[in-house]
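What follows is a short report on a single structure.
Please treat every number below as a calculation from the coordinates, not as lab data. Remember, predicted model here, so these are calculated numbers, not experimental data. All Cβ positions, glycine included, derive from the backbone under ideal geometry; neighbour counts span all protein chains shown.
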């Protein structure tokens with residue numbers, strides 16, 4: 001049931017996402033701090049609003065109200081989504097009428113206006129219709145259509161409307177069979193066919209209390225299949241020296257040691273002191289050992305050793321993570337600074353690749369659907385002049401066509417692999 005407090009929290013969450021480009025979780029925590037209390041159901045309301053905000057904005061545009069203040073716009077987005085999804089009737093929304101939701105905005109929530117916006121949507125160009133109907137950035141829809149065609153782009157956009165809840169069993173602290181027994185008592189669990197430590201909670205998008213308890217104990221980790229695929233591509237093993245060049249918050253680092261049974265030695269570098277502090281707590285909770293946390297910039301660090309394995313999961317636009325964090329629908333509504341991310345990725349790669357031992361593996365990955373952060377990076381660096389791209393055993397589809405490296409890199413897609421969108425390239429130093 002909607003309350004004035006839950007409505008206010010959801011409204012403020014959307015405003016913080018748009019103003020500060022925060023994740024849904026961080027924006028919601030900040031909204032609670034500002035309001036001074038939480039309210040059951042408020043986070044779910046904010047999530048629903050992020051799925052419908054573009055349609056709400058389109059209705060405002062049809063009525064000449066595009067220039068209203070951001071907070072009122074966010075309040076209307078919340079109200080519209082509740083009515084459009086059937087979560088609340090127009091009468092129930094009336095409890096917030098007159099405050100954040102003016103009488104004029106409230107009047108737009110009629111059944112006739114909801115029908116009108118759907119009718120007008122159908123008149124839009126196909127790419128614009130997809131963008132408005134699914135609150136998916138238009139510029140990204142157009143980029144996807146150019147690369148994979150309209151049919152696959154439409155499937156991808158629709159797949160991002162639901163979150164696949166993947167859980168990684170942490171075998172450093174508990175057996176796989178024990179966790180599976182516990183999970184199956186309460187949930188419909190599907191074991192992953194590619195990675196034995198990974199399971200899906202079928203039909204759920206939010207974490208139930210019993211799962212949160214297992215997470216706090218370090219028995220399971222919320223980790224997307226794409227993220228797990230990146231670490232498996234690295235093939236960490238016993239006794240190896242591993243560099244994780246952009247390590248925080250440490251979920252991939254912890255899987256490196258899980259696969260190596262805590263017998264590798266991992267140097268984990270990150271530029272953020274606060275994120276490294278969070279990472280230290282995560283390593284302790286998960287029972288991860290032999291990880292050296294280093295505060296530094298991997299673009300310029302002078303490493304004293306060479307490594308058997310190097311992981312560069314580079315900072316990126318996060319265009320592949322929209323299904324996991326619906327706040328990205330809003331924060332990516334205008335194109336991000338792609339050139340700035342690309343420059344950072346090139347600098348990181350150029351420095352860390354020098355520290356790879358002969359015969360060692362380097363895995364470069366980005367949670368991105370953009371060629372500038374994937375195929376173009378590998379092609380522009382002419383990596384095949386010095387290293388061999390080795391996609392054998394790495395799950396995913398070949399990269400985007402018309403690049404020299406296309407057949408030797410991999411892409412994961414939400415509509416095909418039920419994962420975050422990832423680019424993965426594995427190189428072997430010869």
Item to check | Gap separating the Cα centres of the range 162-198 and the range 384-430, nearest whole Å | outcome: 27
Next on the checklist: How tilted is helix 70-84 with respect to the longest principal axis of the chain? Cα atoms for both, answer in degrees (0 to 90, nearest 10).
Outcome noted: 80
Checklist entry - Hey, any idea what Rg/Rh is for the range 166-222, computing Rh the Kirkwood way over Cα pairs? => result 0.91
Item to check | Convex hull volume per residue for the range 60-169, taking Cα atoms only, in Å³ | outcome: 155
Item to check | Nearest-ten-degree value, helix 176-186 long axis tilted from longest Cα axis of the chain | outcome: 10
Checklist entry - With each run of n ≥ 4 DSSP H residues scored as -39500 (n - 2.57), what mean residue ellipticity at 222 nm is computed for the chain after dividing by its residue count and rounding to the nearest 500 deg cm²/dmol? => result -14000 deg cm²/dmol
Checklist entry - If we restrict to alpha carbons, what Rg and Dmax does the range 219-275 come to, in Å? => result 11.1, 30
Checklist entry - What order, most packed first, do the peptides 44-50, 62-68, 266-272 have when packing is the mean number of other Cβ atoms within 10 Å of each residue? => result 44-50, 266-272, 62-68
Checklist entry - the range 257-312 to the range 44-90: how many Å between their Cα centroids? => result 43
Item to check | Efficiency of FRET from Cβ geometry, residue 185 and residue 340, R₀ 56 Å, rounded to 0.05 | outcome: 0.70
Item to check | Label point distance in nm, residue 40-residue 210, each placed 7 Å from Cα along Cα→Cβ | outcome: 1.8
Checklist entry - Say we join alpha carbon atoms closer than 10 Å with springs in a Gaussian network model of the chain; which of 304, 38, 406 then has the biggest fluctuation? => result 304
Checklist entry - Among 80, 387, 364, whose mean-square fluctuation peaks in a Gaussian network model of the chain (Cα, cutoff 10 Å)? => result 387
Item to check | For the range 225-429, share of DSSP beta bridges that run antiparallel, in % to the nearest 5 | outcome: 45
Item to check | Rg over Rh [alpha-carbon atoms, Kirkwood Rh] for the range 111-170 | outcome: 1.13
Checklist outcome for this item: Among 377, 95, 220, the residue with the largest mean-square fluctuation in a Gaussian network model of the chain built from Cα contacts under 10 Å is 95
Checklist entry - Does the range 4-123 come out rounded, prolate or oblate by the C-alpha gyration tensor, with a ≥ b ≥ c the root eigenvalues, rounded set by a/c under 1.5 and, if not, prolate when a/b is larger than b/c and oblate if not? => result prolate
Checklist entry - So, in nm, how far is label residue 66 from label residue 90 when the simple model puts each one 7 Å beyond its Cα toward the Cβ? => result 2.5
Checklist entry - Classify the range 225-429: rounded, prolate or oblate, from the alpha-carbon gyration tensor (a ≥ b ≥ c, eigenvalue square roots; a/c under 1.5 rounded; otherwise prolate if a/b is larger than b/c)? => result rounded
Item to check | Angle between the chain longest axis and helix 273-286 axis [Cα atoms, degrees, rounded to 10] | outcome: 80
Checklist entry - How high is the relative contact order of the range 23-137, in percent, counting Cα pairs under 8 Å that sit 6 or more residues apart? => result 31
Checklist outcome for this item: Restricted to the chain, the DSSP antiparallel beta bridge percent, nearest 5, is 55
Checklist outcome for this item: Classified through the alpha carbon gyration tensor (a ≥ b ≥ c as square roots of its eigenvalues; rounded if a/c is under 1.5, else prolate when a/b is larger than b/c, else oblate), the range 314-430 comes out prolate
Checklist outcome for this item: For the chain the mean separation of alpha carbon contacts under 8 Å (6+ apart) over residue count, i.e. relative contact order in percent, is 14
